[in-house]
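Just so it is clear, none of the values below were taken in a lab; they were calculated from the coordinates. Everything numeric here is computed off the predicted structure, so don't read it as measured data. Glycine gets a Cβ as well: all are built from the backbone with ideal geometry, and neighbour counts include every protein chain shown.
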Amino acid sequence: MKVIFLDVDGVLNSMESVLLYGHTNQLCPVRVGMVARLCKETGAQIVVSSSWRGHTLEDTKESLSRAGAASLLPLIIGQTPK
């Protein structure tokens, strides 16, 4: 099994996305697409290891979906403990 431990800040958002959207709560669609492509081409799945992780995995997925990462949701299989 191939797993990517994903830290959202600095990977799915950046200073560019902050300047474009005015905050860190909107993720860069290009970067989200790059991670999705990486997973598709390698067969990897995602474990969220980020301050974005919620109390439950569903909380985390909901936050990421609202921020523009809905395409990654089926690839997320877990999250590291807080």
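What length, rounded to one decimal in nm, is gained on full extension from Arg66 through to Thr42, with 0.36 nm per residue of separation minus their alpha-carbon distance?
Residue separation times 0.36 nm, minus the Cα-Cα distance, leaves 6.0 nm.
Taking the Cβ of Gln26 as the center, what net charge do the other residues with Cβ under 14 Å away carry, scoring Lys and Arg +1 and Asp and Glu -1?
Once positives and negatives cancel, what remains is 0.
Quick one: length gained pulling His23 to Leu73 fully straight, 0.36 nm per residue minus the C-alpha distance?
Length gained, His23 through Leu73: 15.8 nm.
Based on DSSP H runs of at least 4 residues, each adding -39500 (n - 2.57), what is the mean residue ellipticity at 222 nm of the chain after dividing by all its residues, to the nearest 500 deg cm²/dmol?
Taking each H run of at least 4 residues, the total per residue is -11000 deg cm²/dmol.
Relative to the first principal axis of the alpha-carbon coordinates of the chain, what is the inclination of helix 29-42, with its axis defined by its Cα atoms, in degrees from 0 to 90 and to the nearest 10?
So the inclination is approximately 20 degrees.
What is the dipole size for segment 32-82, taken about its Cα centre, with +1 at each Lys and Arg Cβ and -1 at each Asp and Glu Cβ, in debye to the nearest 20? Can you show the working numbers first?
Values: 6 positive and 4 negative charges, 18 e Å.
Value, rounded to 20: 80 debye.
Under the rule of at least 5 residues apart or a separate chain, name every residue whose amide H is placed under 5 Å from the amide H of Ile76.
Here Ile46 satisfy the definition.
For Leu6, enumerate residues with amide H under 5 Å from its amide H, sequence gap 5+ or separate chain, H modeled in the peptide plane.
Val47, Val48, Ser49
If you compute Rg/Rh (Cα atoms, Kirkwood Rh) for the structure shown, which of (1) 1.05; (2) 0.94; (3) 1.29 do you land on?
After the calculation, the listed value that fits is (2).
Size of the dipole of segment 1-42 about the Cα centre, Lys and Arg at +1 and Asp and Glu at -1 on the beta carbon, nothing else charged, in debye to 20?
Values: 4 positive and 4 negative charges, 43 e Å.
In debye, rounded to 20, segment 1-42 gives about 200.
What ³J(HN,Hα) values, in whole Hz, does the Karplus curve 6.51 cos²θ - 1.76 cosθ + 1.60 give for segment 65-78 when θ = phi - 60°, with x put for Gly and Pro?
Once θ is set to phi - 60°, the couplings for segment 65-78 become 5, 4, 8, x, 10, 4, 5, 8, 3, x, 8, 7, 10, x Hz.
Taking Cα pairs under 8 Å and at least six residues apart, what relative contact order does segment 1-65 come out at, in percent? Write out the running numbers ahead of the final one.
Details: 61 pairs, mean separation 27.6, N = 65.
42 percent.
Does segment 17-58 classify as rounded, prolate or oblate by the C-alpha gyration tensor (a ≥ b ≥ c root eigenvalues; a/c under 1.5 gives rounded; else a/b over b/c gives prolate, otherwise oblate)?
Here segment 17-58 falls in the oblate category.
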